[in-house]
Each structure stands twice: as C-alpha cells, then as structure tokens.
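Below is one structure; the comments refer to it alone.
The values are calculated or read from the model by the stated rules, or taken from the named source; none is laboratory data. In this text, all values refer to a predicted model and were calculated from it rather than measured experimentally. Please note: Cβ atoms are built from the backbone with ideal geometry, for glycine as well, and neighbour counts cover all protein chains shown.
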Amino acid sequence: MAAYASGRLVVCVVAAAALGSPPATAASAQHHTLLEACWAPSALPAKTGEKSSRRPDRRFDAAPEEMALAPFAPDTAASQGVIRRVDLATDRKLIALTFDLCEQRGEVAGYDGAIVEYLRKERVKATFFAGGKWLRSHEERARQLMADPLFEIGNHAEAHRNLRLLNGQRLVAEIVGPQRAYEAIRARFAQSQCVKTSSGAIDALPARITLFRFPYGACNPRALQAVSDHGLRAIQWDLSTGDAWPKQSAARIARALLAQARPGSIVLAHANGRGWHTAAALALVIPKLRQMGFEFVTVSELLAAGKPVVSTTCYDSRPGDTDHYDHPKKPRQEPPPAQSFFPFLYP
C-alpha cells in the first residue's frame, strides 16, 4: 500500500434529509470535491487482505522525523480528566461513532474497509482515532479519510503504548508522533496535483489534530497533563461495541448498542482489523438508531452541541478496570471485554 496519510478531518455538514442536517457549506462542498478529485470510485473500496495485520513488520517502527508543528495553545480543561459523553443543550438526539486505528511496534495493522464503505454509503459521520504508526503505514487510506467530509481524525498515540507507564520524553513522543505524521502527510497531500487544481480545498483540512484517545483507555494525572500541554482534548467513551472480543457477534453488538445508546453518547469501535463483526453490526444498528431519531455527528460536533461530561480517571465501563494493563504479564481475572461492557447479555 502506498503511504499517504490522514489527519483529523474537519467537521462537515452532510445534506441528508433523513438526518435533518443543514445544507452543505461551501467548505464541505470543496472538501467533497477534493475526495472526488483525487480518487476514482474504484480506489475507495476495501481490498483483499487489507484488513489483516502483518507481523513481524518493522518498516514503520522508526520515530517520526522531528518537525515544527502548527501553532497551538495548551487545553487547560484536558488536564482535569477525560470526556466520556456530552450533555446536550439541544433536543436533537446526537451520537458520535468513533473507530480506533491502533498499531504497535513490530507490526502493520489492518484497515477495515467494509466499515468505511458502509459509513460512506449511508452518509454516516464518524471520528477515527489513529496512531502515528498507522498513519504512516496507511498513508493513502489516511488521505482518503482526511479528504472525506464525513470524517475527522483524532490522535491515538504513536505506537499504542500504555501512557500510564511512561514519563518524560517517552511520554511526549507518544503524544507528538501522530501530530507529526498528520501534519507531514497533510503537507505532502497539499502538493498533489489533484489538490492543487481544487482551489482552496486544502484549507478545509484542519492544520492539526485536536482530539486525543488514550491507548487501552488508561491514563493518570501525568499523562492527562501532557495531553493538555500539547493542546489536545482527551476523549473516551460511554458505550463500547466490545468488538475487540472475537466471540462477540454482530447481533449482540447491535442489541447492546440499541439498548444503551442515548443522546450525547460516544461509541467505541475498531477499524484496524481488530474489530470483530463491526461492519455487520453497523448495518444492523444504524438504520434502527435512525428510526429512533438519532443523528450521527463527529466528536467535534458533539462537543460543540453541549457540555462535556468529564471523568477524572480513565476506564472502560467502571473505574479501575484498566489497571490490569499496568501489569501485562499478570493473568487477567476479569471477564472478556464484551462481558464487562454488556453484562446484561451474559449470565
């Protein structure tokens, strides 16, 4: 796969009558033109074998090249905790789907094109939290996500390390890696002929990433402060698909989401090939959520629509349930992830 990349995409407005969304803005129209200008429709669908990860593969393990980053100011609110959901200041039933694109050292993770295809087909907005390594190893796919007005990109750390165990420059490197990857790829993308001929289109792409998701959903005050210092807002979730558990079925994922979804929810899933039955579950749940009156927005749009609900600690479904990641060699005593997320589905 060629290497291009993504960054976090701006909010775009989709003119979908079913969602009651406002008309597309001039910026979003340019953005849509950029996606069409740079790729033929045949270049967008999933490719055979693309979903699978490859090990060992260390081609992208090297630290990203140092570079001057776009200007930013510390986000003082980020050091106070992570955003788990949003209390809405509107009667609209907004919900944000998020997909993690994790990649560790020694591997090249996958790309679940079936998820992206379905979101595009149904005009569903979403936020993708990408690791720095993933951005570099999937640059063409990252560019496509960046150029699609339905999506935005967040920072999911450089190589999916547990930031609770890092400090000093090692901690900073995990946070800064995706920022460098995104901004470098955006700069290269701007030099593409298809972008140059789409006047002003590159200006619709954010100059930097502003959202952050902690690997493993684990953080501590030191890591929160470091994220804040780099101008990023820490985003977690209040509803997980549990798709990282291989025995979780599409039907179970759909039932759980339909039972627990509420206005202002942030939903966790995976699009790096480590989500099981995720695309099939989306096909089951999205039409029904729409029938229930839900509208799909990016995380940035959700944050703008109300008051973030902040937790001082990071956790999956209850405080303390990510502590075991600090001791990876210690056997886990908890049930599989899907059980802890959706206990009512299991005895």
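When you check LYS307 against the structure, is it surrounded by fewer than 19 Cβ atoms within 10 Å (Cβ to Cβ) and in contact with a helix residue (DSSP H, G or I) (Cβ under 7 Å, 6 or more places away or on another chain), yes or no? If you could, list the steps in order and put the result at the bottom.
Values: surrounded by fewer than 19 Cβ atoms within 10 Å (Cβ to Cβ): yes; in contact with a helix residue (DSSP H, G or I) (Cβ under 7 Å, 6 or more places away or on another chain): no.
For LYS307, the condition - surrounded by fewer than 19 Cβ atoms within 10 Å (Cβ to Cβ) and in contact with a helix residue (DSSP H, G or I) (Cβ under 7 Å, 6 or more places away or on another chain) - is not met.
Within 23 Å of the chain's Cα centre (by Cα) and at pLDDT 95 or above: is that true of GLY7 in this structure? Even if it seems obvious, please write down each step before you answer.
Values: within 23 Å of the chain's Cα centre (by Cα): yes; at pLDDT 95 or above: no.
So GLY7 does not fit the description; no.
Table: residues versus (1) surrounded by fewer than 24 Cβ atoms within 10 Å (Cβ to Cβ); (2) more than 18 Å from the chain's Cα centre (by Cα); (3) β-branched (Val, Ile, Thr).
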| residue | (1), (2), (3) |
| --- | --- |
| SER199 | yes, yes, no |
| TYR216 | yes, no, no |
| ALA234 | no, no, no |
| ALA261 | yes, yes, no |
| ALA279 | yes, no, no |
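Is there a residue being more than 28 Å from CYS219 (Cβ to Cβ), surrounded by 24 or more Cβ atoms within 10 Å (Cβ to Cβ) and not charged (D, E, K, R) anywhere in the range 163-175?
Taking the range 163-175 first, the residues more than 28 Å from CYS219 (Cβ to Cβ) are none.
Within the range 163-175, none of the residues are more than 28 Å from CYS219 (Cβ to Cβ), surrounded by 24 or more Cβ atoms within 10 Å (Cβ to Cβ) and not charged (D, E, K, R).
Would it be correct to say that ALA207 is of a type outside the set (Val, Ile, Thr), over 24 Å from LYS125 (Cβ atoms) and in contact with an Asp or Glu (Cβ under 8 Å, 6 or more places away or on another chain)?
No.
When you look at GLY264, is it closer than 16 Å to ALA96 by Cα and not charged (D, E, K, R), yes or no?
Working: closer than 16 Å to ALA96 by Cα: yes; not charged (D, E, K, R): yes.
Answer is yes for this residue.
Taking GLU117 and the conditions (1) buried (at least 23 other Cβ atoms within 10 Å of the Cβ); (2) in contact with a Leu (Cβ under 9 Å, 6 or more places away or on another chain); (3) not β-branched (Val, Ile, Thr), which numbered condition does it fall short on, given that it satisfies the others?
(1)
Return the only residue of GLU122, GLU139 being crowded, with 18+ Cβ neighbours inside 10 Å and among the acidic types (Asp, Glu). Spell out how you get there, then give the answer.
Values: GLU122 fails: crowded, with 18+ Cβ neighbours inside 10 Å.
Among GLU122, GLU139, only GLU139 is crowded, with 18+ Cβ neighbours inside 10 Å and among the acidic types (Asp, Glu).
Pull up the range 203-214, narrow it to residues that are over 16 Å from the mean Cα position of the chain (by Cα) and surrounded by fewer than 21 Cβ atoms within 10 Å (Cβ to Cβ), then point me to the one that is modelled with the highest pLDDT.
Per the criteria, the residue is ALA207.
Only residues that are more than 24 Å from SER79 (Cβ to Cβ) and in a loop (DSSP other than H, G, I, E, B): list them for the range 166-221, please.
GLN191, SER192, THR197, SER198, SER199, GLY200, LEU205
Scanning the range 37-53 for residues that are of a type outside the set (Gly, Ala, Ser) and part of a loop (DSSP other than H, G, I, E, B), which turns out surrounded by the most Cβ atoms within 10 Å (Cβ to Cβ)? Explain how you work it out, then say what you get.
So in the range 37-53, the residues of a type outside the set (Gly, Ala, Ser) come out as 38-39, 41, 44-45, 47-48, 50-51.
If we keep only those that are part of a loop (DSSP other than H, G, I, E, B) too, we end up with 39, 44-45, 47-48, 50-51.
Details: TRP39: 16, LEU44: 15, PRO45: 12, LYS47: 11, THR48: 6, GLU50: 16, LYS51: 20.
Step by step, filter the range 37-53, then rank; the result is LYS51.
Need the failing condition index for ALA283 against (1) free of Cβ contacts under 8 Å to residues at least 60 places away in the same chain; (2) more than 15 Å from LYS51 (Cβ to Cβ); (3) surrounded by fewer than 19 Cβ atoms within 10 Å (Cβ to Cβ), just the number.
(1)
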